[in-house]
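One structure below.
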Amino acid sequence: MPPKKFTWYNGIGLTLALIFALFPVFWMVSTSFKPSNEWVKQPPVWISGNATVENYLTILWPSVLLEKRGGLTQYTEEGEQKVAETTGVGGAVGDILIKSAWQAIWGSIIISVFATALSIIVGLMAALSISRYRFGGNTTPFFILSGRMFPPIAIAIPFVVMFSDVGATDTYWGLILAYAAVTVPFSTWMLKSFIDDLPKEIEEAAMMDGLSRWMAHVKITIPLIKGGIIATTLFILILNWSEFLFALILTYTKVATIPVQLAKYFSATEGALYGVQAALATVSIVPLVIIGFFIQKHLVRGLTLGAIKR
Amino acid sequence: MAIKLELIKLRKEYGSLIAVDDVSLQVEEGETMALLGPSGCGKSTTLNMIVGLELPTSGDILIDGQSVAKTPVGRRNVGLVFQDYAVFTHMTVRQNIEYGLRVRKVARAEMNKQVDKIASFVGLGDKLRRKPAELSASELQRVAIGRTLVTNPQILLLDEPLSNLEAEMRHQMRRELHRIQLETKQTIIYVTHDQIEALSLAHRIAVMNLGVLQQYDTAYNVYHYPRSTFVGSFLGNPPMNFITGVVKSNGGQRYLDQNGAIIPLPPSKPLTAVPDGKSVKVGIRAETVDVVPAGAQGAFSAELLAVEPQGPEAVITAKFGGGTIKFVVPTSAVPKSTGHVSLVPHANLLALFDAESGVRLMNGAGS
């Protein structure tokens, strides 16, 4: 398709669409730098004149914030712990203030990365067997999807029961398995569509050249659907990264993820700590934005692969 | 000439469907054999069994006298050029052509030499660095052929190689294939549904329909002496004319009677064995008649419906009995006025088929 000429009206349309889509992001970043008295101020503060990094310090280096305010969290040589003596941002006290969000950030990274890898590997194998060998006939592909036909909470309860029995609650591997199980239907179906679009003759040609069936998949099929695999990976990664329900009910104290941690920034006296939540949300989108930036070429290709017939 | 490939009662069933029904044939070394038939006739399945992409239900495949029916695909030393080229789009032309050698772990220097040789042979010498996305359909076709030839296969198999090309490219590629055929002296098996390709490239043609081998003979014989009405109608444009009727005698002259419309039958050999009163189909190739003056010896008369001049020749459509017949005659011989035209079939090319089974009654010079 030849590139269309840029005209003033589609310029305006694009600008409006951008404003609409990016406003929540702007508001999130803006709020993350606001002092607590500006979070819910009327009229709203668009960009704070008193910008502060305290919200970020609360989630990343709370001890620095406390020291700055005269409170002490350090341990003495005798091992005695002094209690924080002032309140932090928005009146946050106790656990919230002393415990940083690092546990949740690392938790999200570990769980999302491993769960995504597992989901893609299992999904790719399933997609190959369904697409190329008609494994399971016509019904299996739909059974794989059946887990997605209920509201997540309906399958979440059995998950809790089963996980408690085998001791998988509040563990990384437990959550990784749960996430992989929930996302495999997506990865299978997305990858299946990419493989379906690839003529099987191309693998047969490789087999004519002497490759085994398996090696033909490894050396020919997978490189040819690389864009699709990358797009699927990012899609699954975003699902896992932003998952809330399973993380909430399958973890207690040892394991946390960012979405669960976000919900914990809630003070008894002040309500939701919007600035702190905005700061953690801002931190949490950084990895996805960076990944998205590097693979955008594949992303567009991957998501449109099905539409382009050669 | 040695027998290169032999199929022995080759059979493929998919459940209750018989895709290939006990096909037996032999291909000689250096010969080009065309597998010709309409789509779904089993020719592609036969091809896939020869290269090993599908396993036969029963029967055997011999290459140089050795059974390869159980040899896995890729070890049979045969090359297949796919209909849709199946070029690896993530590799350059050079990488595509050298792929088979790389799998066989040929040394880099030898590999480059081979690839350069083949690339210039198929006319891609200057395009080795290109990606398939930058190539035209006929260039992709050349990549597919080059990639197959580079492994020096015993037999080169081509699956509908020209069907994705436009008319002009098709002619060019046909000449190209003819050159490859002459220069490599490869044994070639060529699958097509296009009779012109089969007739112009193949030494021998195997005509298939509904999984059954209808006729396997030289291109000349398959065209001139079809063994069944199917072969006669599948080859030729316009196809062979079939006129159903009953054989009768009047004195010494025998003739076909279709509800009063009459064709005198020449007193040649096939006919003498056919008894009076038998229902037959007379097959006359469109270009095997002469236009003669009315009442000439051995002529039959038909009502002229249409004339389509095509330069030196004209296609005439005429009404005979209950149906229409089409013939190709020199434009100069076309009657000036409408009405009736008198035609004499070439006696030696006139064929008689059983009216019901469509099988040729007596073999002509073809066997």
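The values are calculated or read from the model by the stated rules, or taken from the named source; none is laboratory data. Here the structure is a predicted model, which means the values were calculated and not measured. All Cβ positions, even for glycine, are placed from backbone atoms using ideal geometry, and neighbour counts span all protein chains on display.
Things worth noting here:
- Those residues of segment B:141-154 which are within 25 Å of the chain's Cα centre (by Cα) and facing another protein chain (nearest Cβ under 10 Å), in sequence order: B:ALA144, B:THR148, B:PRO153
- Unmet requirement for B:ARG76, which otherwise passes all of (1) within 18 Å of B:LEU5 (Cα to Cα); (2) away from chain A (no Cβ under 13 Å): (2)
- Qualifying residue in segment A:153-162 (condition: under 19 Å from the mean Cα position of the chain (by Cα), farther than 16 Å from A:ILE249 by Cβ and more than 14 Å from chain B (Cβ to nearest Cβ)): no
- Selection count where residues are of a type in the set (S, T, N, Q), in a strand (DSSP E or B) and closer than 12 Å to B:ALA286 by Cα, scope segment B:223-251: 1
- Hits in segment A:157-209 (condition: under 30 Å from B:ARG76 (Cβ atoms) and of a type in the set (Asp, Glu)): A:ASP196, A:ASP197, A:GLU201, A:GLU203, A:GLU204, A:ASP209
- Number of positions in segment B:50-69 that are within 14 Å of chain A (Cβ to nearest Cβ) and among the hydrophobic types (A, V, I, L, M, F, W, C): 5
- Residue check, B:VAL212 among the β-branched types (Val, Ile, Thr), surrounded by fewer than 20 Cβ atoms within 10 Å (Cβ to Cβ) and either under 14 Å from B:ALA86 (Cα atoms) or away from chain A (no Cβ under 14 Å) (or both): yes
- Among the candidates A:SER36, A:SER63, A:SER32, A:SER100, the residue that is touching a Pro at 6+ places or on another chain (Cβ under 6 Å) and either modelled with pLDDT under 80 or under 15 Å from A:GLN277 (Cβ atoms) (or both) is uniquely A:SER100.
- Pick from segment B:88-100, criterion within 9 Å of another protein chain (Cβ to nearest Cβ) and closer than 14 Å to B:LEU149 by Cα, ranking: surrounded by the most Cβ atoms within 10 Å (Cβ to Cβ): B:GLY100
- Of residues in segment A:197-252 being within 30 Å of B:VAL106 (Cα to Cα) and polar (S, T, N, Q), the one surrounded by the fewest Cβ atoms within 10 Å (Cβ to Cβ): A:SER212
- Qualifying positions in segment B:69-113 - under 29 Å from the mean Cα position of the chain (by Cα) and on the phi > 0 side of the Ramachandran plot: B:GLY74, B:ASN77, B:TYR85, B:ALA86
- Among the residues examined, A:VAL283 does not qualify as surrounded by 19 or more Cβ atoms within 10 Å (Cβ to Cβ) and under 20 Å from A:ILE110 (Cβ atoms).
- Here B:LYS269 does not fit the description of being at pLDDT 85 or above and within 18 Å of B:ALA347 (Cβ to Cβ).
- Verdict on B:ALA314 being touching a helix residue (DSSP H, G or I) at 6+ places or on another chain (Cβ under 6 Å) and of a type in the set (Gly, Ala, Ser): yes
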